[in-house]
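Participant: Dumping the structure here so I can ask a few things about it.
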Amino acid sequence: MGDGFCRVPRRGRGAAGPGWSRRARDVHGGCRELPAAGEVRQPRGQRHGALGPGRGGWRGRAEREGGEDRHSGPQLPVRARPGARLRDSPDCPGREIQQEELRRFAARVSALLQGPEPGPEAVDGLQRLHLTVAATKYPRKLDGEFVELLQTVLCSPKSPEQIQVLCAAILREMSPCNDLILSCDEIQDTKLLSLVSSVLLAQGNKGEVAAVGQRVVKALERRLPEGQSARFLLPVLANVLRLSPGSLTEEQIDVVSKKLADWLRYASIQQGMAQPSGGFFSSPRTKQPAPITEVDGAVATDFFTVLSVAQHYTQDQWLNVQTFSMLRNWLLCYGGKELNTLNPGARAGVDGSETPPVCAAGRAGRPLPPRERLRDKAFEYCQRLIEQSSRRPLKKDDGDLQKACLIEAVTIMDIICKQDSFYVCRAVSCLKVLHSRICGDGTYARALLPIAQFFLNHSKLAAVDSDAIYKHLFTDIPAQLFHNPSLAFEFVQFCKDNTQLFTDSSSIFRQSFPNLFKFLAWNSPPLISEFVDLLPFLLDPDTTIEIFHLLLDLPCLTAALDIQLRAAALPASEKAGADPAGKPATCLEAFRHPLYKSLFQYLLRTKAAPEDAPESLVPLRQLLGSLAGSPRVVQCAETVPVLLELFFRVVAEFADGSLINQLVVLLLQRSDQLYEIPAFKEDVYRVLGSQLATLCGLRPALLVELSTEILEFSGAVSNIQSKEAIFTHLAWAVGEFLSVSHDKRCTVEQITRFFEPLEAVLFEITQLRPQASTPSCAPRAISVLMATLTKLAARSQDLIPRVSMFLSKMRTFVQSPAVTSVYSDEDLEEILIRATELMNLLKMPSVAQFVLTPPVASTQFQREVNDSLPLALRMVTQLLEPAPGSMPV
Amino acid sequence: MVRAVVLLAPGGPAPCRVLYARSFGTPPGTGTGTGTATAGPRQRLCRKEQLLAVARQVASQCQLLQSSLGRPSSPQLPQLPDEPMSLQDAPGGLFQMPPGDPFPERVTVVWLSVLALTFALVCEPQENLSLAEITLRRLAPRLLLSLRLLGPGADVLLRPDAADGLLDRLLPHGQMLFLNERFLQAVDRELGIKASR
């Protein structure tokens, strides 16, 4: 209660200070929508779950205190006076109070709206009401009559625009709204029609959307009254198109197509006149309108486009802009439909999958149907935009717009060519020229993507060779522009949209994966989910090994890219500076140093090069160690475990025995060669460990085939400490899968061969180490080692006495002071219980063999049964020792 | 087309806050069980939750980008600088949200962070993203100015009309416009604001 101050003054009276955000945060937990920032601090008792109905940020009780609601003006349900307190009274549940207060407040606003001239007070009231409605995701019930009034005020031509806008905003915010009586049928004013449409389109009702569509098309068909502009209607139409494309009839589509074609192609080429502002200095000047100009200032020689410049614009020029802005969606929606119905025989080259286009043939001399005509005009428009984009803009921002226009123009050309192959040849020659014009300019790189997409879609039909275009795109662009986040996103998107390209392993696309990973390495947060989608398409038996290395080296690649960027930014004089004889002092020097140059080059390669792999990248990883803490590198490192898991999942689907063996050997090798980021290594070990066990399960034969490598790894005590996850999983896999039931080659000799090094390791960590006071090993590893040795003994019963004796010594182990100081009591107890259970089991060798060497499971149920070794152990223990807790002596 | 605009304070260590959000129309048929008494509120709740999900994702992307640039985002709001600021170097980005989460269809979100605030456009997947970035760079300073976002007080919450007015000109019904500098100046004249750059 004591913290319930509302210290925000009324608007216009002064500052609340920057504390508004802080206070808002105090009040609302989680990601809040429209918090009543700085408005009210909620009473303590009601803070949690502030979003629930009746618990929204709105607390209006402050205003009642001191009798403030007797004031005639609209009071502030959301704001309170400085110093006013919120009373948190337990007998007033929030919901009823709010509802009642909201009703009263709405009544006041209602009175103001119905007054002779709704002014600033009404505006203020509506603004607050909007906040009240918007601040919660649960419904706020407003009186039906009041909602009706809002609609009446919205539609009244006498209402000030600001009030209309606010009414619309409230109605939109409440949508879907049951009390809607709004209709756009009678509205003549195009601006108001647009505003009312925004409310109707927010209802999520197909009928409303269709009605709006009909009304807008009707308005566009007729001549608009004086002073009204279609400019406000086209965006409504575009939105109707998006929400429910089926809202227009075929005839309407034709009518609008005809209009769009005219607006697109025949906008005035004279500048508009300035609106007389009525100011002191303005005088009505009667000047001849000047011609429009290009972005570089030259007088325009052809028709008007969005890149045409004027001091003032005419209405039809505005319509030109809007038409082009919605053109792509219009064509996608309605551009192609007519092909099936309209005089198919009359046209050559329609739907070109059948007929190759005749490039020389024109279609002059016959009037085109509306949609075909729109395509024609649109194509010309795009050609003109491409021509205009070569001009040097006077304003820098127009340069950005030129590039966006170029992308749009190429995309529209692509759509048009898909709909009518007649245009393919013209487009190909135009885009070839465009490509050679912009391919050397990095600032145009994003436009290369739609160009490449165009050639992917049409080059076969046009019989042109576009390999050079793809090669440039996939070789040079990622290598040079990996640091451009927008390009990176669009590039990866392009790859995702064209995954069929990656099925041909010899293709430029497939080969370029090292380049693609640069995007991920540099921009990991926005791209990780995209790469999760893309990675399966990059993987096949030929790329598996190289991609495995790439993934493990991904953070290292980030660091190398960082150095590459910095090296490129160096002035030319310093670039050659490094002394080839001495050892480089910094990473930057090393970048060009002969000692490291080839390693950098390999890591930063642009395409797959399995045969060029250097002996080892270890020196490079060490060199780049200084960058391991950089946030970008760390972010990249965090993505690796996700991709590694996916990698193994995908590879498991196609890998044959030799590939799995190769991977296991690599996995063990690479576990020693990771970039030095402790958390990264820990995560990677975790994934590699569990995946190693999975691979062994997939192909148990690898245990025998790779016994040398496996024994070398599992025989090293140091691996338990540094790579516990891998070690433990490997030891478990040996116990689980080294069995004659999995592989006929698992003879007694083989089992003994595995048994001895593991026994030695367990001996070392349990019998020797306690005295040596070395760091402890994970209890999990000890437990798994005991179980594995027991399993092996059950399969080769000569070993049973050795294991039993070993297990019996565990009591001494857990009691030794050196051990109790390192392990927790719980862990030691678990180790001891497990040792006892295993020992008991070994007392009945035939049972042990049955329990510990389960048959090869083929069903999920069997596998689950097999996984419950502890359960089986406990059961056997209970059978043997009715009194639980009996310890080995 | 743009489905929605979201303005949020990503909030650094604190949870993000949506300061303004506007959806451009609701696709019909997204609400389950239309016609029942609860369908309306549920549809609205769904719309709000979708925008919240966008906001959360934007906030986290924004924080990750800030940290990768070595600029930890400060929870304090700096004052609006007197001279016009350049948004060329303002941190921003793009990401995609998969179908079904939170929108039924795939969407691309384009965002731009200016001082302590972040602006985001939720675009249809095949949208011209260069144009979306341009639109965002134009909207951001104008919204800052007309909502007095960085000034004292919290006008942003109480001036939906100002934000709507801007969007009606620069992003009418979610339609992004190819406006060259001169067109933009004309829009600014109509809005009665001085060119902010």
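Participant: Grab the other residues whose beta carbon is less than 12 angstrom from that of B:Ala120, score K and R as +1, D and E as -1, and report the net. Walk me through the intermediate numbers first.
Facilitator: Values: positive: B:Arg3, B:Arg22, B:Arg56; negative: B:Glu133.
Value of the local net charge: +2.
Participant: Please report, as a whole percent, how much of the solvent-accessible surface of the stretch A:709-809 comes from carbon and sulfur atoms (probe radius 1.4 Å).
Facilitator: Numbers: 2220 of 3830 Å².
Carbon plus sulfur share of accessible area: 58 percent.
Participant: Right, here's the next one. Please give the peptides A:736-746, A:823-833, A:220-230 ranked by average Cβ packing (other Cβ atoms within 10 Å per residue), highest first, as a rough proxy for protection. Spell out each step's value before the answer.
Facilitator: Values: A:736-746: 18.7, A:823-833: 15.7, A:220-230: 12.1.
Final packing ranking: A:736-746, A:823-833, A:220-230.
Participant: Sticking with this one: Please report Rg (one decimal) and Dmax (integer) in Å for the Cα set of the stretch A:138-218.
Facilitator: 12.0, 37
Participant: Right, something else. Taking 0.36 nm per residue of separation and subtracting the Cα-Cα distance, what length does fully extending A:Glu682 through A:Asp656 add? Let's see the in-between values first.
Facilitator: Working: separation 26, 0.36 × 26 = 9.36 nm, distance 2.85 nm.
Taking 0.36 nm per residue and subtracting the Cα distance, the gain is 6.5 nm.
Participant: Okay, moving on. Over both sides of the A-B contact, add up the buried accessible area with a 1.4 Å probe and give it to the nearest 100 Å². Let's see the in-between values first.
Facilitator: Numbers: alone 41640 and 10630 Å², together 44470 Å².
Chains A and B together bury approximately 7800 Å².
Participant: Note down the net charge around A:Glu208, summing +1 for each Lys or Arg and -1 for each Asp or Glu among other residues with Cβ under 13 Å from its Cβ.
Facilitator: Working: positive: A:Arg172, A:Lys206, A:Arg215; negative: A:Asp185.
Cβ neighbours under 13 Å give a net charge of +2.
Participant: Describe numerically, in nm with one decimal, the distance between label points set 7 Å from Cα along Cα→Cβ at B:Arg106 and at A:Thr752.
Facilitator: 6.1
Participant: Measuring from label point to label point, each 7 Å out along Cα→Cβ, what is the A:Lys191 to B:Gln88 span in nm?
Facilitator: 3.6
Participant: Please give the per residue accessible area of the stretch A:461-505, computed with a probe of 1.4 Å over protein heavy atoms only, in Å². Display every interim value, and only then the final one.
Facilitator: Details: 1700 Å² over 45 residues.
Averaged over the residues of the stretch A:461-505, the accessible area is 38 Å².
Participant: Let me ask something else about it. Taking +1 at the Cβ of each Lys and Arg and -1 at the Cβ of each Asp and Glu, which of A:Ser846, A:Leu768, A:Leu730 sits farthest along the dipole of the stretch A:726-854 towards its positive end, judged by Cα position relative to the Cα centre?
Facilitator: Farthest towards the positive pole: A:Ser846.
Participant: Can you give the net charge of the other residues whose Cβ lies under 11 Å from the Cβ of A:Glu387, counting K and R as +1 and D and E as -1? Write down the numbers at each step before the final one.
Facilitator: Values: positive: A:Arg384, A:Arg391, A:Arg437; negative: A:Glu294, A:Asp302, A:Glu380.
Cβ neighbours under 11 Å give a net charge of 0.
Participant: Follow-up question, since we're still on this one. Would you calculate the separation in nanometres between label points at A:Glu251 and A:Ser507, each defined as 7 Å from the Cα along the Cα-to-beta-carbon direction?
Facilitator: Using points 7 Å along Cα→Cβ, the separation is 4.7 nm.
Participant: Pairs to check: A:Lys158/A:Lys259; A:Lys377/A:Lys460; A:Lys403/A:Lys496; A:Lys259/A:Lys395. Give those whose C-alpha atoms are more than 29 Å from each other in this structure.
Facilitator: Numbers: A:Lys158/A:Lys259 32 Å; A:Lys377/A:Lys460 25 Å; A:Lys403/A:Lys496 23 Å; A:Lys259/A:Lys395 31 Å.
Those over the limit are A:Lys158/A:Lys259; A:Lys259/A:Lys395.
Participant: Kindly list the residues of the stretch A:256-275 that lie in the label zone of A:Leu394, defined by a backbone N under 17 Å from the point 7 Å along the Cα-to-C-beta vector.
Facilitator: Hits in the stretch A:256-275 for A:Leu394 at 17 Å: A:270-274.
Participant: Carbon and sulfur atoms: what percent of the 1.4 Å accessible area of the stretch A:152-309 do they account for? Please list the in-between numbers first.
Facilitator: Working: 3830 of 7300 Å².
Reported share for carbon and sulfur atoms: 52 percent.
Participant: Between A:Gln270 and A:Arg222, take the C-beta separation as r, use R0 = 45 Å, and let me know the FRET efficiency to the nearest 0.05. Intermediate results must be reported in sequence, preceding the final value.
Facilitator: Working: r = 26 Å, r/R0 = 0.57.
So the FRET efficiency works out to roughly 0.95.
Participant: How much length is gained on full extension from A:Ala290 to A:Lys141, taking 0.36 nm per residue of separation minus their Cα-Cα distance?
Facilitator: On the way: separation 149, 0.36 × 149 = 53.64 nm, distance 5.62 nm.
Length gained between A:Ala290 and A:Lys141: 48.0 nm.
Participant: Now, a different point. Assuming R0 = 22 Å, what is the FRET efficiency of A:Val740 and A:Lys843, from their Cβ-Cβ distance, to the nearest 0.05? Please report the intermediate quantities before stating the final value.
Facilitator: Working: r = 23 Å, r/R0 = 1.04.
So, using R0 = 22 Å, E works out to roughly 0.45.
Participant: If I take every Cα pair under 8 Å that is 6 or more residues apart in the stretch A:585-740, average their sequence separation and divide by the length, what percent do I get for the relative contact order?
Facilitator: On the way: 104 pairs, mean separation 32.4, N = 156.
Relative contact order here is 21 percent.
Participant: Something else: Below 28 Å, Cα to Cα, which lysines can A:Lys137 reach? Residues fewer than 8 away in the same chain don't count.
Facilitator: A:Lys206, B:Lys48
Participant: Also, I was wondering about something else. So how exposed is A:Thr606, as accessible area in Å² (1.4 Å probe, rounded to 10)?
Facilitator: 40
Participant: Past the 19 angstrom mark, what percentage of all C-alpha to C-alpha distances in the stretch A:740-827 do you count? Provide the component values of the computation, followed by the final result.
Facilitator: Numbers: 1571 of 3828 pairs.
Counting every Cα pair in the stretch A:740-827, those more than 19 Å apart make up 41 percent.
Participant: How crowded by other chains is B:161-174, given as the mean number of beta carbons from other chains within 10 Å of each beta carbon?
Facilitator: Numbers: counts 13, 3, 2, 9, 3, 0, 1, 7, 0, 0, 1, 12, 16, 7.
Shielding by partners across B:161-174 averages 5.
Participant: Dipole size in debye (nearest 20) for the stretch A:524-605 around its Cα centre, Lys and Arg Cβ +1, Asp and Glu Cβ -1?
Facilitator: Details: 6 positive and 10 negative charges, 97 e Å.
Dipole about the Cα centre, nearest 20: 460 debye.
Participant: Can you tell me the length gained on complete extension of the stretch A:Gln721 to A:Asp533, counting 0.36 nm per residue apart and subtracting the Cα distance?
Facilitator: Details: separation 188, 0.36 × 188 = 67.68 nm, distance 3.55 nm.
64.1 nm is the gain from fully extending A:Gln721 to A:Asp533.
Participant: Stokes-Einstein D for the stretch A:507-564 at 20 °C, 1.002 mPa s, Kirkwood Rh over Cα pairs, in µm²/s?
Facilitator: Answer from the Stokes-Einstein relation: 182 µm²/s.
Participant: PRE reach from A:Ala463 (point 7 Å along Cα→Cβ): which of the stretch A:418-436 fall under 19 Å by backbone N?
Facilitator: A:421-430, A:432
Participant: Same structure again: Of the peptides A:111-124, A:444-457, A:152-165, how do they stack up when ordered by the mean number of other Cβ atoms within 10 Å, highest first? Kindly include the intermediate steps, with their values, before the conclusion.
Facilitator: Numbers: A:111-124: 15.3, A:444-457: 22.1, A:152-165: 17.1.
Result, highest mean Cβ count within 10 Å first: A:444-457, A:152-165, A:111-124.
Participant: Using the charge dipole of the stretch A:90-187 (Lys, Arg: +1 at Cβ; Asp, Glu: -1 at Cβ; taken about the Cα centre), state which of A:Leu131, A:Ile163, A:Leu150 has its Cα farthest towards the positive end.
Facilitator: Looking along the dipole axis, the top candidate is A:Leu131.
Participant: In the stretch A:369-398, which residues become less accessible by 30 Å² or more once every protein chain is in place, relative to the chain on its own, using a 1.4 Å probe?
Facilitator: Residues shielded by partner chains are A:Lys395, A:Asp397, A:Asp398.
Participant: Considering only C-alpha atoms, what is the centroid distance from the stretch A:485-520 to the stretch B:14-29, in Å?
Facilitator: Between the Cα centre of the stretch A:485-520 and that of the stretch B:14-29, the gap is 33 Å.
Participant: Please report, in debye to the nearest 20, how large the charge dipole of the stretch A:156-244 is about its Cα centre when each Lys and Arg carries +1 at its beta carbon and each Asp and Glu carries -1 there. Display every interim value, and only then the final one.
Facilitator: Numbers: 10 positive and 9 negative charges, 58 e Å.
Computed about the Cα centre, the dipole is about 280 debye.
Participant: Let's see if you can work this out: charge +1 on each Lys and Arg Cβ, -1 on each Asp and Glu Cβ, no other charges. What is the dipole magnitude of the stretch A:635-678 about its Cα centre, in debye to the nearest 20? Walk me through the numbers before you get to the answer.
Facilitator: Values: 2 positive and 6 negative charges, 12 e Å.
In debye, rounded to 20, the stretch A:635-678 gives about 60.
The values are calculated or read from the model by the stated rules, or taken from the named source; none is laboratory data. What you are looking at is a predicted structure, and each value in this text was computed from that prediction instead of being measured. Please note: Cβ atoms are built from the backbone with ideal geometry, for glycine as well, and neighbour counts cover all protein chains shown. The area values use the complete protein model at the heavy-atom level, side chains included, leaving out ligands, DNA and RNA. Shrake-Rupley method; radii C 1.70, N 1.55, O 1.52, S 1.80 Å.
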